[in-house]
Amino acid sequence: MSFEESASDLIQNVRSLGFDLERSIAQKKLKIDYVRVERAEIQETGEYDLEGLFIRLNHAIDAIGAKRVVLDTIESLFSGLDNTAILRSEIRRLFHWLRQKGVTTIITGERGETTLTRQGLEEYVSDCVILLDFRVIEQIATRRLRIVKYRGSTHGTNEYPFLIDEAGVSVLPITSLKLAHTTSTEIISTGLPGLDKLFHGGGYYRGNCTLITGSAGTAKTILAAYFALGSCKRKEKVLYFSFEESPDQFVRNMASVGIQLKPFIRSKLLLIHSSRPSLHGLEMHLLSLHKYIREFKPDTVIIDPISSLVTIGSKGEVRAMLARLMDMLKMHQISSLFTSLWQEKSVVGNSMEDAVSTLVDTWVKVRNEERDNNLVRSIYVEKSRGMGHTSEIRDFIVTDKGIRIISANMLMKQGHNGSGKAATLSENGSNYKS
């Protein structure tokens, strides 16, 4: 029963959300009754009641055997009639009648200045009260939902973001889950054989959260692409979130270093989603991530880089958001990889590294350093829970054939030339110069 929109307007307005009301009406699963209340067309004489509304509701319920009734919105009755005392009494009687009728009733109402509803009555006679809120913080809008009360049942009391799109409404409980998820003992490859050798198990545990940190230009994204490539070669689905590059740009750049991702995109093993962090608030990003994970059902999730999220939230807020995301990924045994930009503390502050490093299972660091007027990349494993790893810092080079990690034995064998620069290295029959 609608007091604001006609049936034709309602059908048209919700069509963009994926609801086909005309089909439901044709199948006699839905009946829309539009009650038009215009103050200018009403003249009150003596006392009145809502008996006519009861009759219309009763007829509509019996006509299709309805189990649910929606009244949208109750304020329209108060705006059209002056005697609020009688109206409040009649609405109380309406709620009681609907309960006896055995139907689940949803009533929408506008929020008052000091009460949850304009009249301050509905929340007291209702069994469940759900408060919807729309707020803008630093030019970023977020819709939130909170269950104020629910008689006879325990319920979450936090605010939950919700998203309205072409698929309808999506709600994500953002509170962290209990640390009760199961763990796997299966070891899988990082996609880069040289990196696998840094772990005593020859890879990392399935379902682990891995963090790669480094300054700009240390090949963090290339390493992330290797993780994606390794999963795709195992016929596992990969969901890649990029906050800095479009899908086409990412695929082109990885092809320049020998990582071919297009075949896996065509075979639907790899899905790349790109957006700027400023598109949503942190909660909405978490909700979007959850939605893509639910629909795509990946085995591996990669986010590159998480440091971009600092632009839309504080270190504590980003850490809380990522903790909830990691809980959800581990609950579903989804392997995950996060990259983060590392900067000198004296310049900006190593905020993301401090915020996330304690949450992840494996932490890999990459860095650039100057040696003899040359910029040399190096990589090492800072930690790996439940698995031994080498403590050596290994140099590596990036070529058109990919990343080559240089072992300590190779450096000792090759030595250095007289100029102090690294000598030419030969591996797999190909020559590369550092």
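The values are calculated or read from the model by the stated rules, or taken from the named source; none is laboratory data. These numbers come from a predicted model, not from an experiment. In this analysis, Cβ positions are derived from the backbone assuming ideal geometry, glycine residues included, and neighbour counts consider all displayed protein chains. Protein only, heavy atoms only, side chains kept; ligands, DNA and RNA dropped before computing areas. Shrake-Rupley method; radii C 1.70, N 1.55, O 1.52, S 1.80 Å.
Observations on the structure shown:
- Taking 0.36 nm per residue of sequence separation and removing the Cα-Cα distance, the residue 17/residue 248 pair yields an extension gain of 80.2 nm.
- For the range 233-305, relative contact order (Cα pairs under 8 Å, six or more residues apart, normalised by length) works out to 56 percent.
- Whole-number Å³ per residue for the convex hull built on Cα positions in the range 219-302: 87 Å³
- In nm, spacing of pseudo-spin labels at residue 37 and residue 200 (7 Å Cα→C-beta vector): 7.3 nm
- Taking amide H positions as modeled 1.01 Å from N, with prolines and chain starts lacking one, the residues under 5 Å from residue 382 and 5 or more places away or on another chain are 363, 364, 365.
- Mean projected area (nm²) of the alpha-carbon convex hull when the range 160-293 is viewed from all directions: 10.2 nm²
- Relative contact order of the range 167-323, taken over Cα pairs closer than 8 Å and 6 or more residues apart, is 24 percent.
- Peptides 228-239, 254-265 ordered by packing proxy, namely the average of other Cβ atoms within 10 Å per residue, highest first: 228-239, 254-265.
- Contour excess over end-to-end distance, with Cα ends at residue 106 and residue 130 and 0.36 nm allotted per residue: 7.6 nm
- Computed accessible area, residue 241, all protein chains, 1.4 angstrom probe, square angstrom: 10 Å²
- Label-zone membership for the range 208-239, site residue 357, 7 angstrom Cα→C-beta point, backbone N under 14 Å: 211-215
- Label-point gap, in nm, between residue 85 and residue 367 - each point 7 angstrom along Cα→Cβ: 8.0 nm
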